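Visitor: Attaching a single structure in structure tokens format; questions to follow.
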Amino acid sequence: MNLKALVALLIGFGAGAAITYLEMREPRGLQANPFASPPPEAEETSPLPSEPTREEERLSALSGKWVSPDGQQSAELDGRILRFHETVDWPDLDRRHFLFSGGATSFMTNSGYYNLHTNPDKLLFLKEDLKTGDYTSFCLYREGSPDARSRTPLAEKAAPPKVAALLAAIPTITVGERKDAVMKRFGLADDESLELLDAESSMGQTDMLLSLGIDNEWMLKLQYKVDRPDADAGEAVIRHFQAVRGYVDDVKAGRFDIMKPVFPYYSDGTIVLAPSTADEGATTRPAREGGGR
């Protein structure tokens with residue numbers, strides 16, 4: 001081997017050894033080892049945001065300010081948080097806020113269980129009273145829509161004589177008393193000023209709403225029931241008897257937006273004396289037992 005060939009061989013061997021040495025000292029990349037773990041900086045530090053549920057999308061679309069037709073109830077819905085402002089006639093909601101959890105749009109207060117029914121411009125709150133089991137409701141409309149603040153508030157006023165007489169007589173209703181007997185005793189059986197506004201019957205029970213013919217705002221909620229399918233209508237027993245205030249013309253048009261409860265009233269064996277709140281004393285008392293006549 002001549003000198004030139006020996007020098008070339010030594011140079012080539014040295015270069016190869018140097019390259020191998022440098023590669024062994026430097027960290028190998030992912031391309032060199034596809035099974036290697038990525039460096040910390042390449043890992044994701046937070047999960048991707050989850051897609052909103054259909055319920056969350058619905059509540060988001062309903063977010064905004066809401067107000068009753070008479071402007072006396074108002075609230076703001078922000079996603080799953082419902083914040084009430086002043087709520088006249090609904091003391092258990094006044095300036096409180098509630099969180100909707102899961103897929104439900106319902107919540108509970110110290111006096112009742114509320115379900116929320118919605119459409120784009122209307123919120124209907126249906127309440128089941130925890131003490132009496134009564135169902136009551138009120139509506140809120142989207143602020144700025146035609147039905148929001150569309151009615152003047154009903155003025156505070158003393159009950160007229162006819163209504164005052166009914167309120168005084170309501171605590172005398174006894175458990176199991178017949179509907180016809182109550183109507184006759186209260187002077188309503190032959191009262192031609194009564195006007196039927198709404199009625200519904202199912203499973204032997206009848207619910208009626210009548211105008212008392214006073215100031216176009218005083219009404220009577222009446223509920224009675226027969227115990228047997230073959231029972232005569234005269235055997236119907238009073239289940240609910242209550243005076244309420246609202247706009248009779250609105251009810252005739254199919255709107256039940258404003259129904260202010262009047263106390264006392266009779267409900268399924270109970271005399272309800274005042275709205276249920278956590279800060280008051282007894283708001284109900286049992287009705288007297290009767291003979292069913």
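Each reported figure results from applying straightforward, stated rules to the coordinates on display, with no laboratory input. No experiment lies behind these values; they were computed from the predicted model shown. Cβ sites come from the backbone with ideal geometry, for glycine too, and all protein chains shown count toward neighbours.
Visitor: Going by Cα centres, the stretch 215-251 and the stretch 70-85 are how many Å apart?
Guide: 32 Å
Visitor: Right, something else. Restricted to Cα positions, what overall size does the stretch 155-218 have along the principal axes? Three whole-Å values, descending.
Guide: 38, 26, 23
Visitor: Determine by what factor the alpha-carbon radius of gyration of the stretch 136-265 differs from 2.2 N^0.38 Å, reporting the quotient.
Guide: The value comes to 1.14.
Visitor: Mind counting lysine pairs for me in the stretch 161-286? Cα separation below 24 Å, and the two need to be 8 or more apart along the chain or on different chains.
Guide: 13
Visitor: Give the residue list of GluC sites (Glu not before Pro) in the stretch 190-293 that are DSSP loop and have at most 12 other beta-carbon atoms within 10 angstrom.
Guide: Passing sites in the stretch 190-293 are GLU192, GLU280.
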